[in-house]
Amino acid sequence: MEPLVFEYKSSSTEETVILAKRLGGMLEPGDVLTLEGDLGAGKTTFTKGLAQGLGIKRMVNSPTFTIIKEYHGRLPLYHMDVYRVTNESEDLGFDEYFEGEGVTVVEWAHLIGDQLPENRLEIQLYHEPNGGRRILFKPKGYRYERLCEEFFYEDLGN
């Protein structure tokens, strides 16, 4: 069976934020999202939109040098940037976040692939020639399949 992949083409930063904000409004405690893709394609911008959808008022920026930043809204948001993690097998306590009461977003998640939960929503962002972005949603597990179906077919009216 082919894995499910949902695609969205965003023509602007604002459109990406609106898309992510809508998704953020649908997230539940324990949800895990991974963000991969081109440098500068909008992973942190996408996370800013998710934060808005979670009712977070604080400015969200990349946790590149701290690895994890926490924000509080309707649900806590655990924003991880593991780009600088040098040892994939090093136990940094990520599972406490993955199994917590908040939403976890992991940028550059492939660098800690062995530590990621099996069920998650993988999101990939790529530059498009026209300056827009191509955003792929790859659900892993029933929860995320249903989330994507609801998000794409009901919310976006496709």
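The values are calculated or read from the model by the stated rules, or taken from the named source; none is laboratory data. These numbers were taken from a predicted model, which means no experiment stands behind them. Cβ sites come from the backbone with ideal geometry, for glycine too, and all protein chains shown count toward neighbours. Note: accessible area is taken over every heavy atom of the protein model, side chains too, but ligands, DNA and RNA are not part of it. Shrake-Rupley method; radii C 1.70, N 1.55, O 1.52, S 1.80 Å.
Some notes on this structure:
- Check on residue 118, modelled with pLDDT of 80 or more and either more than 14 Å from the chain's Cα centre (by Cα) or surrounded by fewer than 17 Cβ atoms within 10 Å (Cβ to Cβ) (or both): yes
- Criterion applied to 150, 154 was being at pLDDT 85 or above and open to solvent by 50 Å² or more (accessible area, probe 1.4 Å), and the one residue passing it is 150.
- For the stretch 85-106, a residue qualifies if it is open to solvent by less than 30 Å² (accessible area, probe 1.4 Å), in contact with a strand residue (DSSP E or B) (Cβ under 6 Å, 6 or more places away or on another chain) and at pLDDT below 90, and exactly one does: 98.
- The set of residues in the stretch 29-53 being surrounded by fewer than 21 Cβ atoms within 10 Å (Cβ to Cβ), without any contact (Cβ under 8 Å) to a residue 60 or more places away in the chain and closer than 19 Å to residue 146 by Cα is empty.
- Meets criteria (modelled with pLDDT under 85, open to solvent by less than 10 Å² (accessible area, probe 1.4 Å) and aliphatic (A, V, I, L, M)) for residue 82: yes
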